[in-house]
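These notes are about the structure you will find just below.
Bear in mind that the values in this text are calculations on the coordinates, not laboratory data. Because the structure is predicted, anything quoted here is derived from the model rather than measured. When we count neighbours, we look across all protein chains shown, and the Cβ atoms used for this are built from the backbone with ideal geometry, even at glycine.
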Amino acid sequence: MIEPDSGWTLLSIDDLGSRTGTCERRGCGTDIQYEHLTYHPKRGYMVVGSTCIQHLTKKDRMLSANLIKIYRNVSAFAHQSTWEKGITKKRKPYIYATYNHHKIRIYGQEPYHAFQLHLKNKGERRYTFGEIYQIKNRSTLEAKELAYIALKGVLSTDTEEQDQLRNLYRELITSP
Ligand SMILES: [Zn+2]
């Protein structure tokens, strides 16, 4: 049976850290580091590498390329952002990072964190404090990723991108 090239949806990307995965696309079988989990309504699930993901249809590819970009940004932010320590008036410690004029605050420690977004546009004096979101059974790095995804979701004006961010957030928070 010939693998259809259209109709695949990219569900998630998993960084294995090294090339320990295998591309499942027929005739490929390459060792891969980034597992792209795709789904086709007639074929079910298939894990492919970053080369074979390019064989998706144009619309799928545009969506996927954007998700890949988001994922890279999330990963880069979690790894490279500078986090400083702070303490609330009630003496609760937290770490925070700045993104544009906004701040991301993370309370707690592994495996229990909570994050809060402090939003401020250029020229504004006061922050708008967001809700506090709990994160269970996650590393601090994952908490940073989730908080960043939430911030990107709040700042995005593109409904398709908001959906992707929401899916990515859900994927990360519900995966074992
Ligand atoms: Zn492949």
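Report the FRET efficiency, 1/(1 + (r/R0)^6), for Cys28 and Asn167, where r is their Cβ-Cβ distance and R0 is 25 Å, rounded to 0.05. Intermediate values should be presented prior to the final figure.
Values: r = 26 Å, r/R0 = 1.02.
For R0 = 25 Å, the calculated efficiency reads 0.45.
Tally Lys/Arg at +1 and Asp/Glu at -1 over every other residue whose Cβ is under 13 Å from the Cβ of Thr82; what's the total?
On the way: positive: Lys85, Lys103, Lys144; negative: Glu84.
Here the count lands on +2.
With a sphere of radius 12 Å drawn around the Cβ of Thr98, what net charge do the other residues whose Cβ falls strictly inside it have (Lys, Arg +1; Asp, Glu -1)?
On the way: positive: Lys103, Arg105, Lys120; negative: Glu84.
Its environment carries a net charge of +2.
So for each of 97-105, 122-130 I average, over its residues, the number of other beta carbons within 10 Å; can you give me the resulting order with the highest mean first? List each step's numbers first, then the result.
Values: 97-105: 17.1, 122-130: 9.9.
So the peptides 97-105, 122-130, ranked by packing, come out 97-105, 122-130.
Starting from the amide H of His102, placed 1.01 Å from N in the peptide plane, find each other amide H under 5 Å away whose residue is 5 or more places distant or on another chain.
It is Lys120, by chain and number.
For each pair in Lys42/Lys152; Lys122/Lys152; Lys90/Lys122; Lys69/Lys152, compute the distance between the two Cα atoms and list the pairs where it is over 21 Å. Write down the numbers at each step before the final one.
Details: Lys42/Lys152 33 Å; Lys122/Lys152 16 Å; Lys90/Lys122 29 Å; Lys69/Lys152 12 Å.
Violating the 21 Å Cα-Cα cut-off are Lys42/Lys152; Lys90/Lys122.
Which whole-number percent gives the relative contact order of the chain, counting Cα pairs below 8 Å spaced six or more residues apart? List each step's numbers first, then the result.
Values: 282 pairs, mean separation 23.5, N = 176.
The value is 13 percent.
For the chain, report the translational diffusion coefficient in µm²/s to the nearest whole number, using Stokes-Einstein at 20 °C, 1.002 mPa s, and a Kirkwood Rh over Cα pairs.
120 µm²/s
When the helices in the chain are scored as -39500 (n - 2.57) per DSSP H run of 4 or longer and the sum is shared across all residues, what 222 nm value do you end up with, to the nearest 500 deg cm²/dmol?
Values: 3 runs with 55 residues, N = 176.
About -10500 deg cm²/dmol.
Work through the residues other than Thr20 whose Cβ is under 10 Å from its Cβ and net out their charges, Lys, Arg +1 and Asp, Glu -1. Don't jump to the answer; show the numbers that get you there.
On the way: positive: Arg19; negative: Asp31, Glu35.
With Lys, Arg at +1 and Asp, Glu at -1, the net is -1.
So how do Ile149, Ile87, Ile173 line up by other beta-carbon neighbours within 10 Å, fewest first? Numbers along the way, then the final one.
Values: Ile149 26, Ile87 9, Ile173 15.
Listed from fewest to most nearby Cβ atoms, that is Ile87, Ile173, Ile149.
If a/c stays under 1.5 just call it rounded; otherwise compare a/b with b/c (prolate if a/b is bigger, oblate if not). Do that for the stretch 80-174, with a ≥ b ≥ c from the square roots of the Cα gyration tensor eigenvalues. Walk me through the intermediate numbers first.
Numbers: a/c = 1.98, a/b = 1.08, b/c = 1.83.
The shape class here is oblate.
Once each part is reduced to its C-alpha centroid, what is the distance from the stretch 18-57 to the stretch 132-176 in angstrom?
That distance is 24 Å.
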